[in-house]
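We did not get these values from a lab; they are worked out from the coordinates using the rules stated. Predicted model, so just to flag it, every value in this text is computed and none were measured. Here the Cβ positions follow ideal geometry from the backbone for every residue, glycine too, while neighbour counts run over all protein chains shown.
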Amino acid sequence: MKLFEKIKKNIDIYLIREFRIFGKSIFLSVKNTLSGDKRFYFWQKYYRKGLQTKENNYKKTIAENGINDEDFPKISVIVRFIGKNELCERTRLSLLKQTYRNFEVVLVNGGCKSDVFEWEDVIVRNEPALDEGIRNSVGKYIAFCENGDFWSQDHLQKKAEIIRKCRGSAIIVNDIEFYGDENSCRYLNVIADDCRSFFLGADRISDTLWKEHHFMLNLSCCTIKKDCFDTCNFQGVVHESQICQWLLRQVFNNNDFIYFNKKLTFVKASEEKIKKWNADYFYKKLSLVRGDYFLGYKIKTLVRFPDESLNVKRELKKPKIIKKLAIFASYNEKCVIEDYIVYYLKGLCQVVDGIVFVMDNPVLPGEIDKIQKYVIYVQCECHHEYDFGSYKRGWLYLKQTDFFNDIEELILCNDSCYGPFFPLEKVFGEMYARKGDIDFWGIHRNSEIGDHIQSFFYVFRKSVLASPVFDGFLLAVREEIDVLDVVLNYEAGFTSVLEKAGFLWDTYVDYSIINASVEKLVDDVCPLIKVKDVKEIYGKSGRKIRKFRSLMNRVNPELMKIVEKKEEHL
């Protein structure tokens, strides 16, 4: 190793001179060849392993030489591991090759213990959870680099330059480039181009709307000021894969951001990425701009109900046998009970002894008459808590009845599906015949946000109904401002909470109903089809409508007449 080295190199528009003694950098000058701006850095010889005394020396040296900390801010780079994945070598090398050297790496892995070590001259911290990684990081800014992605060598340098030029920058976002399979790259770039248009194009949405829903290209392009996380709630998400999206929604809602139109982040195009970024999912997300649907859930908007609509709470009849009951959740801004719901309730009566019907809206006079022979109790009033709020109110009613302790099985279902196209007895017979002591089950499952039962149809047995965990979960349901919170906290959360309490669960089929083909649902004798999926079919070509009509008329012509009447009048 040489006693003294003088290193000179050009990076972009910068001329860098570095002086080393025994391989340790003691002096660095950086000159902008365009502007002539020149800066000197003496502090590097002081900073090793983040020890407090040397950290103080670093700050003292900065002050003595007139270099503001914002000119050369410390950046903590967080790299997350999900499950048992190992650190991608390409990710690691891209961090080690950064031309900007004032950074540390924080590895977040649920199976590790807190630790500090080094990669060459880079300090590395191990942290067991993301909140601890953010809290214990020493950087003024936090950058994310997802495991498997990699950065250009000047990624952090460009970000630091923006921080210097734009004092107080809270969030900096850069463009990305896909690498890997050519066809996958082409497909994903079509989707990413739509996202870029919101940053650069004439049709860009407002900053307020963007911050509320952050149409983010990729987490690995984000650099965020650490204090932006001070007010974040880390506890509101149930699945590790969604925690960063959960935090970004909070951070972007409260801070300004800068978009840097340079491709500093490289993301591998893969089948997994395509599934996550598929066009259908992406355009449903962008449909927020139009006030439409997000992942099939209604956007919370102010609705003026008809003046003649009434709040209703009424017991209609008491069944002779009380063993199997259902709580049916519904919503209609016109305050009517549609024909397909009446048909659904009629089919549901074949497998239950009584139905509790709860609407998240008042109802017009005479509407209750349509369902009075199928339900035992009706409650129609606004509560703004979506379907789980209706489930909660139905549960509260049952708890105060004298037949509550006789209930052996409870169904929770809602109006988001047409059905049943096939008798529900077929599904119940299949689930009863399966081996294993199942405590609760559903028809479809979704694994995109944790493995969970889709919330439009649950069946719970007495072992679950008697549990304080079940009772506590429903009673804790509250109004959510963000629709994503409903998905994370309640739909995905319900299965997770009960599973952690030791209850066993299963589903009739092992795939999601979302975007499942009608042919697949019919082949598997699935009794329900999502209303929004049928709506999409009727919004397409006449050939697809005729194909759907022909198939479903053979399956259930009575229900298809009701479906056709509804869809053709939309």
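Quick one: grab the alpha carbon gyration tensor of the stretch 88-184, order the square roots of its eigenvalues as a ≥ b ≥ c, and give me rounded if a/c is under 1.5, else prolate or oblate depending on whether a/b is larger than b/c. It comes out oblate by the Cα gyration axes.
Can you figure out the FRET efficiency of Met431 with Arg546, using R₀ = 35 Å and their beta-carbon distance, to the nearest 0.05? In this case the efficiency is close to 0.55. Rg then Dmax, both in Å and based on the Cα atoms of the stretch 387-493: 14.5, 41.
On the beta carbon distance between Ala129 and Phe404, with R0 = 45 Å, the FRET formula returns roughly 0.65.
Determine the sum of side-chain charges near Val497: Lys and Arg each +1, Asp and Glu each -1, restricted to other residues whose C-beta is under 13 angstrom from that of Val497. Let's see the in-between values first.
Details: positive: Lys500; negative: Asp439, Asp471, Glu491, Glu499.
Residues near Val497 contribute -3 overall.
Once the Cα-Cα distance is subtracted from the 0.36 nm per residue extended length, the Lys370 to Val122 segment shows a gain of 82.2 nm.
Which of rounded, prolate, oblate describes the stretch 440-528, given a ≥ b ≥ c as roots of the alpha-carbon gyration tensor eigenvalues and a/c under 1.5 marking rounded, otherwise prolate only if a/b is larger than b/c? Because a/c hits 1.5 or more and a/b fails to exceed b/c, the stretch 440-528 counts as oblate.
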